[in-house]
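Asks: This is the structure, below, for whatever I ask next.
Only the coordinates and a few stated rules stand behind these numbers; no lab work does. On a predicted model such as this, the values are computed, not experimentally measured, just so you know. Cβ atoms come from the backbone with ideal geometry, glycine included; neighbour counts cover every protein chain shown.
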Amino acid sequence: MLRMDTAGESHGEALIALLSGLPAGVPIDLEFVNRELWRRQQGFGRGGRMKIETDKAHVLSGVRHGRSIGSPIAIEIVNRDWSNWQEKLPVETGDPEKHQVVASPRPGHADLPGALKYNFTDARYVLERASARESTSRVAAGAFAKLLLRHLGIEIASHVIRVGRVALEREATWDEVVAVSRKDEVLLSCVDAETEARMREEVAECARTGDTVGGVFEVVVHGLPPGVGTYANWDERLDGLLAWAVMSLQAVKAVEIGRGVTAAESFGSAVHDAIHYGEADAGRATRFLRHQNNAGGIEGGISNGEDVIVRGYLKPISTLRKPLASVRFDTREATSASYERSDICVVPAAGVAAEAMVAFVVAQQVLGKFGGDSALELKRNFDGYLEQIRRY
């Protein structure tokens, strides 16, 4: 069973990811892992924190001589900003005068419900763990899941299809999505240059007015064969697991599989993907084909051989340079919400974090179906299944 745990705070000494259940013998490319971390930091509209941090994965266990060894993998990502926070967030009691209080909760953040839940007198500890900085750990662990899937010919990438009021008005091809993910300069990760330029204008307007903006990212799983996931139990359906995983990311407020939103307002004849039979395309596992993919590669909780399409709807960041109304924790008096250094737009970065979560869920389901304590055993089982469905 593949399992992931994370630890650490936004301004703490380090972030930790613990990944257990990865088979032995998976080739581990640390340059790839670190590039995934770099991708999460990029994007037009990111704040000053990303100019401080240079995220690198320090693997403490579970990898030797460039391959996984079957034991838990522990990954540390050091926070360079910790040097500015050691006296503000010490492990020991420290000096209360140097504690940086979050005196008034920010609307849209975990500040108020978290303080009420844990009986904190300010929101500092809530902010530190609830921050999207935590997703760094998930991206690191998700990169290892991607390396496992890559060993089987399954790839995952993302792109941005909406920022605020500006949306991509056409479908993107897999090759376009891959090209965006491989760029050395990341702006808003849109496959269409003209649309991306208008998205940048949307972000720039928010920068001028002290506001923030959200959007929609799309994650694509390419090369997943049919038969992953199940309809047998409600908590094992692939679409449900993916929705849960992506919704768990900070600021994601809705998740869509395929054309789930527009399907709700359409007739069945326009929504369902007609089935054809013929010669399989290169890299496909089945000769049952679709000329459209409104289902997003999943039917009845099971992958159907088409690309799996998962969209995340990201709300605007809740920390505003022109804060909304709030209430002081100590006096209960009306005031403005606290301000912490923040971003204007994080949609491309959220897409990278969602890739990690999708990779983790898919890797988990692949291991559950095909098993194997080693990469060799897993690949043998996987290839045998591919041969079975090719002959179907």
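Asks: So what is the calculated 222 nm ellipticity per residue for the chain, using -39500 (n - 2.57) for each DSSP H run with n of 4 or more, over all residues, to the nearest 500 deg cm²/dmol? It would help to have the intermediate numbers written out before the result.
Replies: Numbers: 12 runs with 130 residues, N = 392.
Estimated from H runs of four or more residues: -10000 deg cm²/dmol.
Asks: Then there is this: What lysines sit close enough to LYS117 to cross-link, taking a C-alpha to C-alpha distance under 30 Å and skipping anything fewer than 8 places away on the same chain?
Replies: Leaving aside lysines fewer than 8 places away in the same chain, those within reach of LYS117 are LYS88, LYS98, LYS253, LYS315, LYS322.
Asks: Between Rg and the Kirkwood Rh of region 79-121, both from Cα atoms, what is the Rg to Rh ratio? The partial results should precede the final answer.
Replies: On the way: Rg = 12.5 Å, Rh = 12.1 Å.
Using Cα coordinates only, the ratio equals 1.03.
Asks: Okay, moving on. If I fit a long axis through the Cα atoms of helix 135-150 and take the longest principal axis of the Cα atoms of the chain, what angle between them do I get, 0 to 90°, rounded to 10?
Replies: So the inclination is approximately 10 degrees.
Asks: With a 10 Å Cβ neighbour count serving as the proxy for reagent exposure, in which order, fewest first, do MET199, MET247, MET1, MET357 appear? Mind showing how you got there, number by number?
Replies: Working: MET199 31, MET247 15, MET1 7, MET357 28.
Going from sparsest to densest Cβ surroundings: MET1, MET247, MET357, MET199.
Asks: Right, next: Along each of the three principal axes of the Cα atoms of the chain, give the extent in whole Å, ordering the values from largest to smallest.
Replies: So the three principal-axis extents are 71, 50, 40 Å.
Asks: In debye to the nearest 20, how big a dipole does region 65-174 give about its Cα centre with +1 on each Lys and Arg Cβ and -1 on each Asp and Glu Cβ?
Replies: On the way: 15 positive and 13 negative charges, 96 e Å.
The dipole magnitude comes to about 460 debye.
Asks: To make sure I understand the rule: partners must be aspartates and glutamates, Cα under 19 Å from the Cα of LYS56, and not fewer than 8 residues away in the same chain. Which ones qualify?
Replies: By straight Cα distance, LYS56 reaches ASP5, GLU9, GLU13, ASP29, GLU31, GLU36, GLU76, ASP81, GLU134, ASP184, GLU185, GLU355.
Asks: If you don't mind, there's one more thing I want to ask. Taking 7 Å along the Cα-to-C-beta vector as the label spot, tell me the SER71-MET1 distance in nanometres, rounded to one decimal.
Replies: 2.2 nm
Asks: Bins of 10 Å, beginning at zero and ending with the bin holding the largest distance: percent of Cα pairs per bin for region 97-208, please.
Replies: Going from the shortest bin to the longest, the percentages are 12, 25, 27, 25, 11, 1.
Asks: Related question: For the charge dipole of region 3-390, defined by +1 on Lys and Arg C-beta atoms and -1 on Asp and Glu C-beta atoms about the Cα centroid, which residue among GLY240, TRP85, SER181 has the Cα displaced farthest towards the positive pole?
Replies: Value: TRP85.
Asks: Which one, GLY94, ILE302, THR136, is farthest towards the positive end of the dipole of region 3-390 when Lys and Arg carry +1 and Asp and Glu -1 on their Cβ?
Replies: Of the candidates, GLY94 comes out farthest on the positive side.
Asks: Take LYS315, project a point 7 Å from its Cα along the Cβ direction, then tell me which residues of region 214-246 have their backbone nitrogen under 13 Å from it.
Replies: Residues passing the 13 Å test: 214-215.
Asks: Now, a different point. Relative to the longest principal axis of the C-alpha atoms of the chain, give the angle of the C-alpha long axis of helix 193-209, reported between 0 and 90° and rounded to the nearest 10°.
Replies: So the inclination is approximately 20 degrees.
Asks: Give, rounded to the nearest 20 debye, the magnitude of the charge dipole that the chain has about its Cα centre when Lys and Arg contribute +1 at Cβ and Asp and Glu contribute -1 at Cβ.
Replies: The dipole magnitude comes to about 140 debye.
Asks: Still on this structure: Can you give me the angle between helix 375-390 and the longest principal axis of the chain, using Cα atoms only, in degrees from 0 to 90, rounded to the nearest 10?
Replies: Between the helix axis and the principal axis of the chain, the angle is about 50 degrees.
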